[in-house]
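Here the structure comes first, spelled out in structure tokens, and everything after it is commentary.
The values are calculated or read from the model by the stated rules, or taken from the named source; none is laboratory data. All values reported here derive from a predicted model rather than from experimental measurement. Cβ coordinates were reconstructed from backbone atoms using ideal geometry, including for glycine residues, and neighbour counts include every protein chain displayed.
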Amino acid sequence: MIIKKAIIPAAGLGTRVLPASKAVPKEMLPIVDKPAIQYIVEEAVASGITDILIITNRGKGVIEDHFDHSLELESMMKTRGNYGMLSELQSVAKLANIYFVRQKETKGLGDAVLKAESFVGGEPFAVLYGDDVIIGEPPATKELCEAYEKYGKGVVGIKEVPDELLVKYSSLKVEKKDERVYEVSDMIEKPAIGNKFSNFSVLGRCVLTPEIFDILRNTTLGVGNELQLTDAMKTLARRDGMIGVDFHATRYDMGNKFGMIKANIEVALSHREIGEQTREYIKELAKTL
Ligand code: UTP
């Protein structure tokens, strides 16, 4: 795999999941027994990524702690003979080379991506949005990296979404190229109803080349007075075209309350310890609804 570096922007304020995200970063909110961002790091690693830069801000130090060793807990698990949990805790600290940089002001996803310029060092890189957990096989980032290798252009992860969600995301001008692969020639961030190209939207993952940094520097502030990554990708799509990959895995939007609940229910249903119990509980509960 050519792409070895990924960035995870996780410096947003998470206002849609307040008050849960007041003191705990939304990327650290759990899906059953792991914080959301661990699923994202695991997806990157399963996609061949070896070096990850997580973009954080004040109050997000717990993300750094999570991917470090916890010597007290590890020695306690050893004393108790809980070797399963010991190796799970140790493996989190060894998943990849993980680096951190702070976005000092929350000025948008595009501004967060700009903070990764020196880390990227002239190589193409993957972006995994810190609040989009994508679970399933093949890993979504792997599908996007493979598309980059095949077509040699920036790639966006895409899915069709209903109109009521499209206005919150983006709308893409697409032309089918191959099975689940599209040529993307234009896009609009948060389109007004009736102003869409298609129901395909960029969801949570992309592969970009370093030329995005110059484009970002020349992009004016967009929706919410923030530097929008979609606006820079629009310039790239119009100029060189981009590739859209309708990835197979399931995406959960951990930036909103319903997305968090769906992720927890679905992951719990297939969890080795509590899957059966959850299934029985939901069946009983459904009878009362
Ligand atoms: P969102 O726009 O969904 O995150 O950005 P947000 O700003 O936290 O959301 P709300 O609307 O206030 O609830 C998508 C991803 O980009 C990161 C976020 O952490 C999230 O993972 N992000 C966003 C940054 O890193 N920096 C920013 O300035 C904005």
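Quick check on L166: is it away from the ligand (no atom under 16 Å from the Cβ), over 23 Å from N264 (Cα atoms) and either at pLDDT below 95 or not basic (K, R) (or both)? No: the conditions fail for L166.
Applying the selection to region 267-281, what residues are touching a residue at least 60 places away in the same chain (Cβ under 8 Å) and either of a type in the set (V, I, T) or part of a helix (DSSP H, G or I) (or both)? The answer is V267, A268, I274.
Among the candidates E137, E183, E146, single out the residue that is farther than 16 Å from V207 by Cβ, modelled with pLDDT of 95 or more and not hydrophobic (A, V, I, L, M, F, W, C).
Only one candidate qualifies: E137.
Residues satisfying the criterion are absent from region 40-63 (criterion: hydroxyl-bearing (S, T, Y) and more than 20 Å from V120 (Cα to Cα)). Is there a residue being away from the ligand (no atom under 15 Å from the Cβ), in contact (Cβ under 8 Å) with a residue 40 or more places away in the chain, within 24 Å of V120 (Cβ to Cβ) and more than 17 Å from the chain's Cα centre (by Cα) anywhere in region 1-15? Yes, region 1-15 contains a residue that is away from the ligand (no atom under 15 Å from the Cβ), in contact (Cβ under 8 Å) with a residue 40 or more places away in the chain, within 24 Å of V120 (Cβ to Cβ) and more than 17 Å from the chain's Cα centre (by Cα).
So which of K150, K142 is out of contact with any Ser or Thr (no Cβ under 7 Å at 6 or more places or on another chain), farther than 27 Å from G14 by Cβ and either within 14 Å of the ligand (Cβ to nearest atom) or of a type in the set (K, R) (or both)? Before you say what the answer is, go through the steps one by one.
Details: K142 fails: out of contact with any Ser or Thr (no Cβ under 7 Å at 6 or more places or on another chain).
Just one listed residue meets the conditions, K150.
If you take the residues in region 16-47 that are closer than 23 Å to F213 by Cβ and either away from the ligand (no atom under 12 Å from the Cβ) or small (G, A, S) (or both), which one is surrounded by the fewest Cβ atoms within 10 Å (Cβ to Cβ)? Out of the qualifying residues, it is S47.
In summary, S75 fulfils each of the numbered conditions (1) away from the ligand (no atom under 16 Å from the Cβ); (2) within 17 Å of L95 (Cβ to Cβ); (3) small (G, A, S) with the single exception of condition (2).
Test R58 against the criterion of being exposed (fewer than 14 other Cβ atoms within 10 Å of the Cβ) and in contact (Cβ under 8 Å) with a residue 40 or more places away in the chain, and give yes or no.
Criteria met by R58.
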